[in-house]
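This report refers to the structure that appears directly beneath it.
The values are calculated or read from the model by the stated rules, or taken from the named source; none is laboratory data. All values derive from a computational prediction rather than experimental measurement. As a convention, Cβ positions derive from the backbone with ideal geometry for all residues, glycine included, and neighbour counts pool all protein chains shown. Just the protein is used for accessible areas: all its heavy atoms, side chains included, with ligands, DNA and RNA removed. Shrake-Rupley method; radii C 1.70, N 1.55, O 1.52, S 1.80 Å.
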Amino acid sequence: MDTRAFDPYNPAIFEVPVPPEEFGQDGGKFYHCYDALAEEIDENMVTGLKEQLDGLLIFAGLFAGVNTAFLALTLPLLSPDPADDTNALLRDNNLILLNLASGRNDSLPSTNALPSETFCPTGKILTVNVLFSVSLTFAIVSSFLAVLGRQWLVYYRKRTGGGPERQRWEQLKRFLGAERWRLEWILDDFLPSLLQIGLIIFCISLTIYLNTLHPMLSTIVGAFMGAGLAILVITAILATWDKFCPFQSPLSHTLSHLIPLARTIALLLTFILAVLIVILLHSIAIWPSKLLVGIIRALRDCCVHGSHSVKPLWENIDVLYDVMNLLGHFLRGLPDLMLEGVEREEEGDGVLQITAIRRAICTSDDARTQTHAASNILGITDGNLLGHLATDQDFRERISILMNRSYNRILQLCGRDRSHLAAETDWLYRAAIAHVLLSSADPVDFKNFTDGVGGIYTLASTESMPLLSLGIIQRAPPNMLSAWLGYLAYSMDEYPSQARHLALGFIVDELVNPS
């Protein structure tokens, strides 16, 4: 996110934007801020993933080379050694020559089967080669996917033709597609997991291979490998227990997703066990004779009354005919279904606008970006789109926090002598919240907007620091005035104190009679 603050010695660079009548019609100010934010987010994500993939490719290449060297040693052990056949033939030949030299006229000795004909690799050698091959396969697959991932990132950052607006929304669609298809998870967690699994398999196979050479050697090496594996598991558990632990890894991310699932399964199994225990206790409490009588009565009722409710097969011919017709219509329409609607429907302009506002509000820490996003909320008139913002918990909490802190924040950034800017910024956030709540398709109560929402009812009570200045009121668009009047009306109903009535009366007088 953009954390660059303003120059506190040059407050002229900050001004409260005037809400546009339509989204984006503010002279390109919001788009300028949003493009910088989106560029920074995409650049941070792509740069981090590229560094991850580069490190993975380097390690996978080294790992594949080491693995191949061991395979070169163990693969020949799966086939017979030609030298064994040569030695066997020489041994038989020497025996024949010895008989001839000694003058023995016996028949030639029977030739034994060659070692290659009866050769069979041992179980350990076969296991070692299988594990080494699987480990090498994991390394090759992870390398291939890493190269493919770099191509995905190139496409993600690739600029197409068209104007800035088309490029902006197309890049936002790619960002939404990357979130929808979990691109970051695949490249940041899944690929390293493949390589780590291959490394664990390699360590196991190396230990087994060393055991074929000498048990003591495999014990020493296996102890160190087991210690490394224990460190991996312990750090993953610590990172799962403390989400801010620096020992994050793909294993810790997997465990963090499996723990809630394990809890759910444990609760489900506990419930099933409790039900079975209740059924068992209930069955034990019933006398065997009553249980037997109940079974006999059930069978009798089924035989007497059940046979009259079952229709013969020939009476269900119409139903079978309707089912076959329905199946035929589906099969005839299957080619059209396969040819039409293959592509996923893209997001509309309204959804993209809402997403851009949400990214600016929830991600950026730049006051200009936030205020321009809040002002453009008032340019959205579609109640369904505003309903998405009203029901988004992250957005609701974030914009409420920004509103509650806007006054003091602007004073700190621009100086204590710019209180009018602070008051106008506070007014802007309140109007944006009121517009979202009052114009959304599904009505949302002010009180239920977010936790601690009572802060939005805090109004200025002195004329030296009015919430609405005369200049802002005169150049405010109709949607802003209507949202603010609705907000004031609700606040007056909720807080009918005399002091607030006086303060609100002053503001309403300015709205009605700006002169």
- Query: Do we have any residue at all in region 438-455 that's at pLDDT below 85, under 15 Å from Ile357 (Cβ atoms) and over 29 Å from the mean Cα position of the chain (by Cα)?
  - Reply: yes
Q: Inspect all residues belonging to region 137-148 and state whether any of them is crowded, with 17+ Cβ neighbours inside 10 Å and under 30 Å from Glu345 (Cβ atoms).
A: yes
In the set Ala36, Ala72, the lone residue that is surrounded by 14 or more Cβ atoms within 10 Å (Cβ to Cβ) and part of a helix (DSSP H, G or I) is Ala36
Residues in region 221-246 that are part of a helix (DSSP H, G or I) and open to solvent by less than 90 Å² (accessible area, probe 1.4 Å) total 16
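Residue by residue, here is whether (1) of a type in the set (Ser, Thr, Tyr); (2) modelled with pLDDT under 75; (3) open to solvent by 50 Å² or more (accessible area, probe 1.4 Å); (4) within 26 Å of Arg159 (Cβ to Cβ) holds:
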{"site": "Pro8", "(1), (2), (3), (4)": "no, yes, yes, no"}
{"site": "Phe23", "(1), (2), (3), (4)": "no, no, no, yes"}
{"site": "His32", "(1), (2), (3), (4)": "no, no, yes, yes"}
{"site": "Asn99", "(1), (2), (3), (4)": "no, yes, no, no"}
Exactly one of Gln196, Gln151 is modelled with pLDDT of 90 or more, part of a helix (DSSP H, G or I) and either open to solvent by 90 Å² or more (accessible area, probe 1.4 Å) or among the hydrophobic types (A, V, I, L, M, F, W, C) (or both), and that one is Gln151
Residue hits (region 228-262; of a type in the set (Ser, Thr, Tyr) and closer than 19 Å to Trp185 by Cβ) are Thr240, Ser249, Ser252, Thr254, Ser256
Here, helices (runs of 4 or more DSSP H) confined to region 344-436 with at least 2 residues that are surrounded by fewer than 18 Cβ atoms within 10 Å (Cβ to Cβ) are 349-363, 383-390, 393-414
Answer yes if at least one residue in region 247-258 is farther than 29 Å from Leu53 by Cα and in a helix (DSSP H, G or I), and no otherwise.
no
Note on Arg168: of the conditions (1) in contact (Cβ under 8 Å) with a residue 24 or more places away in the chain; (2) in contact with a helix residue (DSSP H, G or I) (Cβ under 7 Å, 6 or more places away or on another chain); (3) open to solvent by 40 Å² or more (accessible area, probe 1.4 Å), unmet is (3)
Does at least one position in region 197-210 carry a residue that is farther than 30 Å from Ser256 by Cα and β-branched (Val, Ile, Thr)? yes
Apart from one, (1) closer than 30 Å to Phe224 by Cβ; (2) surrounded by 16 or more Cβ atoms within 10 Å (Cβ to Cβ) all hold for Thr122; the odd one out is (2)
Note on region 154-165: residues open to solvent by 60 Å² or more (accessible area, probe 1.4 Å) and not basic (Lys, Arg) are Val154, Tyr155, Pro164, Glu165
